[in-house]
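Let me begin by presenting the structure, written as structure tokens, before commenting on it.
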Amino acid sequence: MLESSTLNLKPVFVLLFVTIGPIKTIVPFLTLSAGNDVKFRSKLALGATIASSLIVLLLFVVGSLIVQKWGISFDAITLTGGIVLFLLSLQVMIKTGETTVEKTDNLSMGMLISRLVIPTIISPAGVTAILALSVISQDNQNLSRMVLYLLLLIMLLNMISMLLAKKLLSLFTVAGLRVIGWVFAVLQASLGIQIILNTLRRLNILAIQ
């Protein structure tokens with residue numbers, strides 16, 4: 001995974017779905033939109049989708065330029081990405097208690113969108129993944145275009161999950177969504193470890209087949 005010579009779209013989709021996908025968005029969206037009508041929730045979902053889409057597209061387009069400007073190697077990016085993925089997923093798995101619910105009655109729509117976009121949709125792990133994909137695909141227009149499509153697809157899935165959040169919550173319950181979140185946290189941790197191992201192997205530090 002995350003090797004330019006062998007990159008295919010299936011692991012890229014999995015990586016993006018785990019890091020910036022809809023699973024972790026449903027409960028925060030319902031918390032921020034609690035007590036409001038369908039029109040308000042739709043407006044919040046659309047605003048968050050537009051804002052997060054602009055951010056991920058900007059990151060992907062300029063990410064490789066930023067990395068080059070700072071003189072950061074691809075291996076440094078992937079190693080950092082693997083560590084971030086692992087640590088953030090570990091934090092999710094360890095934090096098993098109830099989350100504190102913040103009062104949002106006096107927040108404007110802009111503030112609600114901001115809280116939903118960062119760090120719920122655009123997570124540190126997601127930023128790292130997008131930067132790595134930007135570096136990988138910078139010299140391959142077809143690959144770059146396909147990654148862009150996948151980014152937009154994930155953002156669309158986020159919007160759909162927010163619009164259907166109440167139905168999804170009634171179907172899976174809060175406990176069920178929490179378990180699903182833990183499963184994806186384990187997958188994210190595994191992805192992080194795999195990326196670290198692949199990077200160390202590429203650097204000939206570990207002889208792993």
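Numbers below:
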read-out	value
For the chain, built as a Gaussian network whose Cα springs stay under 10 Å, the top-fluctuating residue of Gly71, Gly21, Gly63	Gly71
Inter-site label distance for Leu54 and Ser73 at 7 Å from Cα along Cβ, in nm	3.7
Calculated diffusion of the stretch 9-202, Stokes-Einstein form, Kirkwood radius summed over Cα pairs, 4 °C and 1.567 mPa s, µm²/s	75
Cβ-placed point charges (K, R +1; D, E -1), dipole of the chain about Cα centre in debye, nearest 20	320
Cβ-derived FRET efficiency at R0 45 Å, Asn204 paired with Leu46, nearest 0.05	0.40
Residue order, fewest to most surrounding Cβ atoms within 10 angstrom, among Arg41, Arg178, Arg145	Arg145, Arg178, Arg41
Label-to-label distance, nm, for residues given as Ala34 and Leu156 (7 Å Cα→Cβ offset)	3.3
In degrees, nearest ten, helix 38-70 long axis to first principal axis of the chain (Cα)	20
Selected from Gly181, Gly35, Gly82 as most flexible by GNM, with the chain as the system and alpha-carbon contacts under 10 Å	Gly35
In nm, spacing of pseudo-spin labels at Leu87 and Ala175 (7 Å Cα→C-beta vector)	3.4
Net lengthening on full extension, Ile66/Met111 (0.36 nm per residue, minus Cα-Cα)	13.4 nm
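Bear in mind these aren't lab numbers, they're just calculated from the coordinates by the rules spelled out. What you see is a predicted model, and the numbers here were worked out from it, not measured in a lab. FYI the Cβ positions are ideal-geometry reconstructions off the backbone, even for glycines, and counts take in every protein chain you see.
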